[in-house]
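Beneath this line is the structure, given in structure tokens, with notes to follow.
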Amino acid sequence: MKREHNHRESSTGEGGSSSMTMKEEAAGVDELLVVLGYKVRSSDMADVAHKLEQLEMVLGGDGVSNLSDETVHYNPSDLSGWVESMLSDLDPTRTQGKPDSEYDLRAIPGSAVYPREEHVSRRSKRTRVESEMSTTRSVVVMDSQETGVRLVHALLACAEAVQQNNLKLADALVKHVGLLATSQAGAMRKVATYFAEGLARRIYRIYPRDDDVALSDTLQIHFYESCPYLKFAHFTANQAILEAFASADKVHVIDLGLHHGLQWPALIQALAVRPNGPPDFRLTGIGSSLTEIQEVGWKLGQLASNIGVNFEFKSIALNNLSHLKPEMLDIRPGLEYVAVNSVFELHRLLAQPGSIDKFISTIRSIRPDIMTVVEQEANHNGTVFVDRFTESLHYYSSLFDSLEGPPSQDRVMSELFLGQQILNLVACEGEDRVERHETLNQWRNRFGSGGFKPVNIGSNAYKQASMLLAFHAGADGYNVEENEGCLLLGWQTRPLIATSAWRINRVE
């Protein structure tokens with residue numbers, strides 16, 4: 001999925017038209033498919049799309065048995081001729097009927113709009129068809145991997161057209177990404193669909209809304225259940241807090257994004273069994289809905305009471321962390337150990353100039369004993385749209401790939417949760433673009449310049465986090481990495497989230 005940015009700019013030029021020869025332009029060849037390596041007249045587009053649909057239907061049935069070792073197919077860059085030759089070889093008796101409607105709804109991916117016809121004997125003959133296919137492996141019909149590469153190139157070409165403000169080309173490209181996406185399955189198809197929707201929203205200025213906090217919180221619960229990312233984030237942050245407060249009698253934790261409070265039952269239970277007895281535990285929860293925050297606090301209070309932990313809760317309704325003031329937190333200097341906790345919250349402050357610096361200054365003024373921060377390990381906050389788009393395409397492809405498994409409600413909702421992030425990242429700009437993830441090194445620079453120094457989370461947390469992953473289904477692809485005292489959780493070879501801990505640098 002890597003791309004050559006400089007080559008792309010030189011080959012497409014303004015609006016991507018310089019890659020077309022004068023002869024092709026005179027012939028009326030569709031410019032968007034020229035970018036993708038195909039030669040199709042604009043006037044033939046509807047016919048080619050219909051033939052591709054017919055080809056897919058034939059290949060889904062017994063048409064493969066008609067292939068022979070002597071079959072010769074034309075250059076796929078001549079898309080119309082190639083599809084015609086394939087149809088003739090696979091189904092000589094096919095009809096040339098046109099769709100009943102002006103728009104052939106069968107071109108829409110999926111079966112919700114236009115259900116696919118299924119051959120009655122398709123499943124019963126699968127073994128025979130696969131056997132016959134084994135004798136014709138040298139004939140490449142529709143190589144999914146090659147089409148996947150073309151799909152990525154189409155997405156990147158569309159992003160570049162958007163960046164160049166060539167909306168006519170971008171409009172054409174985004175409409176045809178779906179044509180290439182139909183050959184894909186699993187994570188690649190899902191990711192491409194979300195990125196294409198984001199591009200379409202940006203092109204047509206139909207921007208996604210980011211004001212349904214209740215829905216986002218609900219989706220986050222499903223994300224928590226279906227994969228280990230949030231569990232890892234909560235566990236590693238809690239471990240850093242427990243080690244910092246090992247001998248404290250009074251503990252005050254400030255959660256910058258309480259949501260459903262999923263992180264704190266485990267910490268309360270750990271405090272309850274501490275060898276030297278549980279400390280007094282005070283939790284300040286910050287969120288957008290006062291009623292929901294108070295409900296979470298009540299439930300946590302019930303749990304703490306049942307297991308013998310003295311618990312106090314304070315709720316703060318705040319829509320923007322940059323508005324946080326020290327006096328809201330009721331800090332008791334010298335009487336309690338203070339921890340500030342943030343899981344996937346701080347990157348949103350980057351949408352407003354100066355907000356992150358103001359926030360760091362506020363936190364520094366309350367002088368916490370420790371601050372734990374969990375963020376996505378990605379650079380989605382650059383100034384160049386195409387670079388952000390490319391980085392995020394790689395990042396979310398890995399995330400979606402890690403979610404692949406047996407269908408479940410949690411997985412579907414988790415994909416919606418990540419899809420919301422993609423739409424915001426691709427479609428929005430200015431203060432509306434809140435998904436502005438940065439890398440661990442970038443956060444190190446920010447906190448370092450703000451008067452903080454890193455706290456080593458430690459090898460014990462690393463070992464326990466690795467053990468936690470071992471209990472997760474499909475954990476083989478996940479890995480934990482220690483990086484200069486921070487812990488990162490990744491999928492295959494790519495780090496995806498990072499946990500770090502900080503305290504005030506008192507040598508000033």
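In this structure, does ASP211 turn out to be open to solvent by 60 Å² or more (accessible area, probe 1.4 Å), out of contact with any Pro (no Cβ under 6 Å at 6 or more places or on another chain) and at pLDDT below 90? Taking the combined requirement at face value, the residue satisfies it. Count of segment 361-416 residues, restricted to those that are under 29 Å from VAL340 (Cα atoms), among the small types (Gly, Ala, Ser) and touching a Lys or Arg at 6+ places or on another chain (Cβ under 8 Å), is 1. For segment 404-431, the set of residues classified as of a type in the set (S, T, N, Q), open to solvent by less than 50 Å² (accessible area, probe 1.4 Å) and either under 9 Å from the mean Cα position of the chain (by Cα) or under 24 Å from ARG201 (Cβ atoms) (or both) consists of SER414, GLN421, ASN424, listed by residue number. Put simply, of LEU423, LEU468 the only residue that is farther than 19 Å from ARG503 by Cβ, in a helix (DSSP H, G or I) and at pLDDT below 95 is LEU468.
What number of residues in segment 481-508 are in a strand (DSSP E or B), more than 16 Å from GLU375 (Cβ to Cβ) and touching a helix residue (DSSP H, G or I) at 6+ places or on another chain (Cβ under 7 Å)? Give the derivation first.
Residues of segment 481-508 in a strand (DSSP E or B): 481-483, 486-491, 494-504.
So of that shortlist, the ones also more than 16 Å from GLU375 (Cβ to Cβ) come out as 482, 491, 503-504.
Still in the running and touching a helix residue (DSSP H, G or I) at 6+ places or on another chain (Cβ under 7 Å): 482, 491, 504.
Summing the residues that are in a strand (DSSP E or B), more than 16 Å from GLU375 (Cβ to Cβ) and touching a helix residue (DSSP H, G or I) at 6+ places or on another chain (Cβ under 7 Å) in segment 481-508 gives 3.
Selection of segment 138-176 for residues being more than 19 Å from SER392 (Cα to Cα), modelled with pLDDT under 90 and not in a loop (DSSP other than H, G, I, E, B) yields SER144, GLN145, GLU146, THR147, LYS175, HIS176. Every listed requirement among (1) of a type in the set (Phe, Trp, Tyr); (2) touching a Cys at 6+ places or on another chain (Cβ under 8 Å); (3) open to solvent by less than 60 Å² (accessible area, probe 1.4 Å) is met by PHE223 save one, (2).
Checking the condition out of contact with any Gly (no Cβ under 9 Å at 6 or more places or on another chain), at negative phi and not aromatic (Phe, Trp, Tyr), which residue from LEU258, LEU262, LEU300 passes? First the steps, then the outcome.
Numbers: LEU258 fails: out of contact with any Gly (no Cβ under 9 Å at 6 or more places or on another chain); LEU300 fails: out of contact with any Gly (no Cβ under 9 Å at 6 or more places or on another chain).
From the options LEU258, LEU262, LEU300, the qualifying one is LEU262.
Within segment 206-222, one or more residues are within 22 Å of the chain's Cα centre (by Cα), of a type in the set (Gly, Ala, Ser) and in a helix (DSSP H, G or I). Here ASN445 passes the criteria (1) surrounded by 13 or more Cβ atoms within 10 Å (Cβ to Cβ); (2) out of contact with any Phe, Trp or Tyr (no Cβ under 9 Å at 6 or more places or on another chain); (3) at pLDDT 95 or above except the one numbered (1). Out of the residues in segment 237-261 that are free of Cβ contacts under 8 Å to residues at least 60 places away in the same chain and of a type outside the set (D, E, K, R), which is surrounded by the most Cβ atoms within 10 Å (Cβ to Cβ)? Going through the qualifying residues, I end up with LEU258. Could you check segment 262-285 and list, in sequence order, the residues that are open to solvent by 40 Å² or more (accessible area, probe 1.4 Å) and over 24 Å from ASP217 (Cβ atoms)? Listed by number, the residues that qualify are VAL273, PRO275, ASN276, PRO278, ASP280. Scanning segment 448-461 for residues that are crowded, with 20+ Cβ neighbours inside 10 Å and assigned to a helix (DSSP H, G or I) turns up just one, ALA461.
The values are calculated or read from the model by the stated rules, or taken from the named source; none is laboratory data. Since the structure is predicted, the reported quantities are computational estimates derived from the model, not experimental observations. Positions of Cβ are backbone-derived with ideal geometry, glycine not excepted, and every protein chain shown enters the neighbour counts. The protein model used for the area step is the full one, side chains on, heavy atoms only, and it has no ligands, DNA or RNA in it. Shrake-Rupley method; radii C 1.70, N 1.55, O 1.52, S 1.80 Å.
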